[in-house]
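Read through the structure below, which is laid out as structure tokens, and then see the notes.
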Amino acid sequence: MTISSQAFLGRNRNKVRARANTLQRQIATWLQGFGESLIADAVRQMRSAGDPSAATNLRVQKQLTGKEKQLFDILSRFGLRQLQDSVAEDAGKKVIIPRTIESDYLSRKEVQVQRLADNIRSEFRSNLANAVAEWLQETPQPSIGEIARRMRTQFFTRDADKLEPIKGGRGSRDIGTRSEIIARTEVADARLEGKLVGMEIAGVEFKEWLAYSDGKSGDRHHEVMNGQVVEVRKDFVLPSRGPGFPSIKMSRPHDPSAPIKEKANCRCSLAPSKGPATQ
């Protein structure tokens, strides 16, 4: 059976797509600015210590920095709007999001932003350490000024809109690709959280997992979940994919407690159901 795009994205699917596209552009802009700030910080560290290897001594952040707060504001603003729209769609009326739901959502976003920033810093530090070690093997050895120039031009290329991978390093992902994945995942998370809350408000007893069966879900194989029905307040169980892969319980697609591999770029959705099919 072919499932319509409305089943996956709801009646406001055009609005959902437009919101994801706008969010992607804002995330891409943020990633570009964050990359530039990392390079500026590394250059300052190197010049202050008079030692190229000091460039990788990036400061450990225990609270959201100004840059991270910018991303938190972006994700929160878009997410809460989508959450509200989805609650209203499934509840069948405009309702105020329960304060506990909103508070939990914002707390998750704060943790998520810090993890994302930490991951980007780790990628940058790994690439930079490999690059500096390679540059210092040159004869004559490049000056600190020359290393700073290379960092500004080889790690972040504005025209190419990407953090360039350095030979010998892990490489950093294309900003466009990364921002698209984040935007899709964020909008889906807020939309499905809202759908679940809306179902509960409307008194729906059962929920159904919707998944594409086009072979594009990768190693997740979420297509096996398509049509699975459980009570609204109970979890779906994703079956084990083999030894070393235990079954996973999820309240919905994009359940925040699930491993990231089960959520990133996942296209699954959720729908109210009349209950399990009778045999």
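Criterion first (modelled with pLDDT of 90 or more and assigned to a helix (DSSP H, G or I)) does residue 16 satisfy it?
Against the criterion (modelled with pLDDT of 90 or more and assigned to a helix (DSSP H, G or I)), residue 16 does not qualify.
Could you tell me which residue of region 111-133 is modelled with the lowest pLDDT, considering only residues that are buried (at least 17 other Cβ atoms within 10 Å of the Cβ) and in contact with a helix residue (DSSP H, G or I) (Cβ under 6 Å, 6 or more places away or on another chain)?
Among those that are buried (at least 17 other Cβ atoms within 10 Å of the Cβ) and in contact with a helix residue (DSSP H, G or I) (Cβ under 6 Å, 6 or more places away or on another chain), it is 124.
Kindly indicate whether any position in region 65-76 is part of a loop (DSSP other than H, G, I, E, B), over 30 Å from residue 143 (Cα atoms) and in contact (Cβ under 8 Å) with a residue 12 or more places away in the chain.
Within region 65-76, one or more residues are part of a loop (DSSP other than H, G, I, E, B), over 30 Å from residue 143 (Cα atoms) and in contact (Cβ under 8 Å) with a residue 12 or more places away in the chain.
Results for (1) within 15 Å of residue 251 (Cβ to Cβ); (2) β-branched (Val, Ile, Thr), shown as yes or no for each residue.
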{"residue": "181", "(1), (2)": "no, yes"}
{"residue": "215", "(1), (2)": "no, no"}
{"residue": "226", "(1), (2)": "no, no"}
{"residue": "229", "(1), (2)": "yes, yes"}
{"residue": "232", "(1), (2)": "yes, yes"}
{"residue": "238", "(1), (2)": "yes, no"}
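Answer yes or no: is there a residue in region 272-279 that is closer than 28 Å to residue 102 by Cβ and outside the structural domain of residue 33 (by TED's automatic domain parsing).
Yes, the conditions are met somewhere in region 272-279.
For residue 235, which of the numbered conditions (1) within 20 Å of the chain's Cα centre (by Cα); (2) over 22 Å from residue 214 (Cβ atoms); (3) not basic (Lys, Arg) fails to hold?
So the condition that residue 235 fails would be (1).
Looking at this structure, is residue 189 within 23 Å of the chain's Cα centre (by Cα), over 29 Å from residue 88 (Cα atoms) and part of a helix (DSSP H, G or I)?
No.
Since residue 277 meets every condition but one in (1) free of Cβ contacts under 8 Å to residues at least 40 places away in the same chain; (2) in a loop (DSSP other than H, G, I, E, B); (3) of a type in the set (A, V, I, L, M, F, W, C), which condition does it not meet?
Failed condition: (1).
The values are calculated or read from the model by the stated rules, or taken from the named source; none is laboratory data. Please read these numbers as outputs of a predicted model, since none were measured by experiment. A quick note on method: Cβ atoms are made from the backbone with ideal geometry, for glycine too, and the neighbour counts reach across all protein chains shown.
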